[in-house]
Amino acid sequence: MIRCLAIDDEPLALKQLVSYIGKVPFLELAGSCMSASEAAAILDKESVDAMFLDINMPDLSGLDFVKSLVSPPIVVFTTAYSEYAVEGYKVDAVDYLLKPFSLADFERAAEKVRHCFELLQASASVSNPDADDSLFLKTDYKVVRVDISKIIYIEGMSEYLKIFVEGESEPVVVLLSMKKLEDRLPSDRFMRIHKSYIVNLSKIREISKGKVSMTPEMTLPVGDLYKDAFNAYIDSKFLSR
């Protein structure tokens, strides 16, 4: 089952979303709410795979809400204004429902959600680090072995990740969430420094003005949410006179 969150500040529109979710066999309602702040509270407590949410909401727009999430679920936007469609796809929404929409319209969007969910589930079959300190990752139509100690850094791009490995001219690209890989990597050796970057702490070359140099060609930003933890790590390793 795909656990869904329904978000709309209009009571009748929210009621329709909840009703439609209940009519799709592979969807399960994880919660419903009328604002982004309520949605954030639900996401903190519940496991949510997908969100059907209105773009126009009073406290925080649906677009800005999705942008604020470090690892957003699969997103389908709903709105009465077609001009928001392009903006919706900029945050990697899998579909866009223009109000008023029918059950058939909703079912088509739900199928896109299911397709994306199944891809993510298939790619989530990442092995645990084994005795020789490696991971097996699905990329394209093959499974590749990646030596954890050779990972330099990881870049998140929506539902895809780029894993940069020593000695490889191109990154390993996998359909996987940052959170999923972050949970599998040794926390004493890897750290999230930005919503889009995880670094191998042993590969850091230089630190300057809120940026981390991993290679002569690549410098990564340290996000505000991650500065304290990163600075604490640096302080623990800092050697002075």
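Just so it is clear, none of the values below were taken in a lab; they were calculated from the coordinates. Keep in mind that this is a model prediction, so the values were computed, not measured. Positions of Cβ are backbone-derived with ideal geometry, glycine not excepted, and every protein chain shown enters the neighbour counts.
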Query raised in the report: How far is helix 103-123 tilted, in degrees, relative to the longest principal axis of the Cα atoms in the chain, given as a value from 0 to 90 rounded to the nearest 10?
Result: 20
Query raised in the report: Normalised by the residues of the chain, what does the relative contact order come to in percent, with Cα pairs under 8 Å and at least six apart?
Result: 10
Requested in this report: Return the inverse of the average 1/r over all pairs of distinct C-alpha atoms in segment 2-123, which is the Kirkwood hydrodynamic radius, in Å to one decimal.
Outcome: 14.1
Query raised in the report: Taking LYS162 as the anchor, which lysines have their alpha carbon closer than 24 Å to its alpha carbon, excluding any fewer than eight residues away along the same chain?
Result: LYS67, LYS90, LYS112, LYS138, LYS142, LYS150, LYS179, LYS180, LYS195, LYS203, LYS211, LYS227
Requested in this report: Please arrange TYR153, TYR233 by counting, for each residue, the other beta carbons lying within 10 Å of its beta carbon, fewest first.
Outcome: TYR233, TYR153
Query raised in the report: With Cβ to Cβ distances under 12 Å as the rule, what net charge do the other residues near PHE164 carry (K, R +1; D, E -1)?
Result: -2
Query raised in the report: Toward the positive end of the charge dipole of the chain, about the Cα centre and with charges on Cβ (Lys, Arg +1; Asp, Glu -1), which of SER47, MET157, LEU220 goes farthest?
Result: LEU220
Query - Other-chain or far-sequence residues with amide H under 5 Å of LEU220's (modelled H) - result: VAL212, SER213, MET214
Report task. Run the dipole for the chain about the Cα centre, Lys and Arg Cβ at +1, Asp and Glu Cβ at -1, nothing else charged, and hand back the magnitude in debye, nearest 20. Result -> 600
Requested in this report: List LEU137, LEU43 from most exposed to least, where exposure is judged by having the fewest other Cβ atoms within 10 Å.
Outcome: LEU43, LEU137
Query raised in the report: Among THR79, THR215, which comes first, second and so on when ranked by fewest other beta-carbon atoms within 10 Å?
Result: THR215, THR79
Query raised in the report: Counting only residues 5 or more places away or on other chains, whose amide H sits under 5 Å from the amide H of LEU27 once H atoms are built in the peptide plane?
Result: ILE2
Report task. Report Rg(Cα)/(2.2 N^0.38 Å) for the chain, keeping two decimals. Result -> 1.14
Query - Inverse of mean 1/r across different Cα pairs in segment 134-237, Kirkwood, Å - result: 14.0
